[in-house]
Amino acid sequence: MMIDYREYRPAPALASRIECYWAMEGAPGEGAPIERILPDGCVEAVFHQAAPFRAFAEDGRSRPQPASLVVGPSTRYLLIQPPHRVRTIGIRFRPGGARLLLPMPVHEIAGRVASIEDLLGAAGLRLAASAGIDAGVAAAVRALETAMLDRLHRQPARTGAPIGPRVGAILRSRGRLPVAEVARRAGVSARQLERRFLDEVGLTAKALARLARFQSAFGSATGCADAEWAGMAFDCGYADQAHLIREFREFSGETPRTLQRSQGDLSRRFTSPDRLRAFFAAG
């Protein structure tokens, strides 16, 4: 697949909310393979400047994505196919960072792909216009960052302790820190913690921990021709190999071995060692 993929770090003021800006340009040609994008709990704002990607359902039906869209946090994979010509730019929000963009609790878009205009109205149209890459990707990234900094400065103060350190504790532990311990450290009940997670992350703390554990296991196997899954299950905090396989089937629709063999070029860019190091260092 002839696609150039690049990532750009956010300004320090945004680093706790935005993992990166990214851009893809290239010509994979007609009939590019369908890619399986794995869930990680992040929210993505995506702006297609050429033809949009196609999204596929499990029954094989497909439809084009909106030209500008928000991908909500999910515990399910996405099946997408790039067009013959790709020009796309995006913002990857860290888990807990998407309220910088969204005017509603994040759980309202969990598991959804929605037009940015439907979510943000005229503000969404202005943001999409700022992502135009005719003047170059670097200029588009600067325009998006200016828009995000403006939203940060206008954002009303939120009550309660910041959610970022709670998310960071889960991610740094790669999903192995018990949610009860996260709540204890935060000085809140487990129920209060889950309400905050649903509002700002869009998933429960337990769901985010499961995704972190899944990403950690899959990342550990990347590049291994014959991964030793039973030992990896133990190392990553699963009860046993059967537990790991069940989680893989739920989150990816595949067994660990078939997922490892079938992962496409585009999907690998989102689960590369460098990307996962940035993901687990959140908070």
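Using Cα-Cα distances under 8 Å and only pairs 6 or more residues apart, what relative contact order does the chain have, in percent?
Values: 511 pairs, mean separation 59.1, N = 283.
Result for the chain is 21 percent.
Would you mind ranking S115, S189 by Cβ crowding within 10 Å, fewest neighbours first? Numbers along the way, then the final one.
Numbers: S115 15, S189 12.
Lowest to highest Cβ neighbour count: S189, S115.
Per-residue HN-Hα couplings for region 120-126, Karplus 6.51 cos²θ - 1.76 cosθ + 1.60 at θ = phi - 60°, whole Hz, x for Gly and Pro?
Coupling constants for region 120-126: 10, x, 4, 5, x, 5, 5 Hz.
Ordered by residue, what ³J(HN,Hα) values in Hz, to whole numbers, does region 245-251 give under the Karplus form 6.51 cos²θ - 1.76 cosθ + 1.60, where θ = phi - 60° and Gly and Pro are x?
5, 4, 5, 4, 4, 5, 7
Can you give me the convex hull volume of the Cα atoms of region 1-159, divided per residue and expressed in Å³?
112
Out of these labelled values of Cα extents along the principal axes in Å, (i) 75, 73, 30; (ii) 50, 47, 32; (iii) 56, 48, 35, which was calculated from the coordinates shown here?
This structure yields the entry labelled (ii).
Restricting attention to the alpha-carbon atoms of region 164-280, what are Rg (one decimal) and Dmax (integer), both in Å?
14.8, 44
Please compute the length gained on full extension between S62 and R268, using 0.36 nm multiplied by the number of residues separating them and subtracting their Cα-Cα distance.
71.9 nm
Using 7 Å Cα-to-Cβ label points, what is the M104/R261 separation (nm, one decimal)?
With each label placed 7 Å out from Cα toward Cβ, I get 4.2 nm.
Please provide three numbers in whole Å: the alpha-carbon extents of region 76-175 along the principal axes, with the largest listed first.
42, 34, 26
Arrange C236, C20 by Cβ neighbour counts within 10 Å, fewest through most, would you? Intermediate values should be presented prior to the final figure.
Values: C236 23, C20 18.
Sorted ascending by nearby Cβ count, the order is C20, C236.
Every read-out reported here was derived from the displayed coordinates using simple, explicitly stated rules and does not represent laboratory data. All values derive from a computational prediction rather than experimental measurement. No Cβ is skipped: glycine too gets one built from the backbone with ideal geometry, and neighbour counts run over all protein chains shown.
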